[in-house]
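No lab work stands behind these numbers, since they all come straight from the coordinates. Predicted model, so just to flag it, every value in this text is computed and none were measured. Note: ideal-geometry Cβ built from the backbone for every residue, glycine included; neighbour counts use all protein chains shown.
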Amino acid sequence: MRSILSRCMLAVALTILTPALAPARAAGAESIGTSTGLRLPRYASLKHDRVNLREGPSKDHRTAWIFQRAGLPVEITAEYDTWRRIRDSEGSEGWVQQSLLSGRRTALIAPWKKNEVLPIRAKGAESADLVARAQAGVLANVRVCDNGWCRIFGEGFDGYIERSNLWGVYPDEKL
């Protein structure tokens, strides 16, 4: 009787703790989201100019940060019901409602290369003609990525940039 009770208590504890442990699993390796069945982690973008980043997956949790830039790329690292745990390019993490996220793919141009200007080329090759230069931190829409290059576009530019200069696309991802 005692061992049955112990096993039941363990099963209840695991059921309660599993959603809380999901971010830790997602951070280390690819898994599948419990709400959507989609791959975790994955990139998305913010749908609105004002998005509250909360400390937990409900409106009862405190707002830790307010994003004020629609289109900003974020990485979804966990799911809980209609909430998504996200991380931004600076490493800030928290929870947002799924309705505030979009599947539109965007990326930041090398936000870690402060004050640098990076080349955007006519084709996905180092030798291709230069079509524009973009300041680090510029927000770009991503059309396609393949063979180490991504075609991006935004206000005043449309061309290719090396994938390693983008935050918002995985190294092995094909778009």
- Query: Which is farthest toward the positive dipole end of the range 33-175 among 61, 130, 110, measuring Cα position about the Cα centre, with Cβ charges +1 (Lys, Arg) and -1 (Asp, Glu)?
  - Reply: 61
- Return the loop-located trypsin sites (Lys or Arg not before Pro) in the range 134-175 (DSSP other than H, G, I, E, B) with at most 11 other Cβ atoms within 10 Å of their own Cβ; answer none if there are none. 174
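Which three numbers, in whole Å and largest first, are the semi-axes of the equivalent ellipsoid of the range 28-148 derived from its Cα gyration tensor as √(5λ)? Before the final figure, lay out each step's value.
Values: eigenvalues 180, 56, 26 Å².
Its equivalent ellipsoid spans semi-axes of 30, 17, 11 Å.
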- Query: Please report, for the Cα atoms of the range 107-167, the Rg to one decimal and the Dmax as a whole number; what are they, in angstrom?
  - Reply: 10.0, 27
- Run the dipole for the range 133-175 about the Cα centre, Lys and Arg Cβ at +1, Asp and Glu Cβ at -1, nothing else charged, and hand back the magnitude in debye, nearest 20. 60
- Query: Around residue 136, what is the net charge, scoring Lys/Arg as +1 and Asp/Glu as -1 over all other residues with Cβ under 12 Å from its Cβ?
  - Reply: +2
- Task: Identify the GluC sites (Glu not before Pro) of the range 86-131 meeting these criteria: DSSP loop state and at most 15 other C-beta atoms within 10 Å of the C-beta.
- Result: 90, 116, 126
- Message: Residue by residue through the range 43-59, what is 3J(HN,Hα) from phi via Karplus (6.51 cos²θ - 1.76 cosθ + 1.60, θ = phi - 60°)? Round to whole Hz and write x for glycine and proline.
- Response: 9, 8, 9, 6, 7, 10, 6, 9, 10, 7, 9, 9, 6, x, x, 6, 6
- Compactness index (Cα Rg / 2.2 N^0.38 Å), the range 76-142: 1.46
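Just the ratio, please: alpha-carbon radius of gyration of the range 29-79 over 2.2 N^0.38 Å, N its number of residues. Could you put the intermediate results ahead of the total?
Details: Rg = 12.1 Å, N = 51, 2.2 N^0.38 = 9.8 Å.
Relative to the rule-of-thumb radius for its length, the range 29-79 sits at 1.23.
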- Which residues' amide hydrogens lie under 5 Å from the amide hydrogen of residue 78, considering only partners 5 or more residues apart or on another chain, with H built in the peptide plane? 85
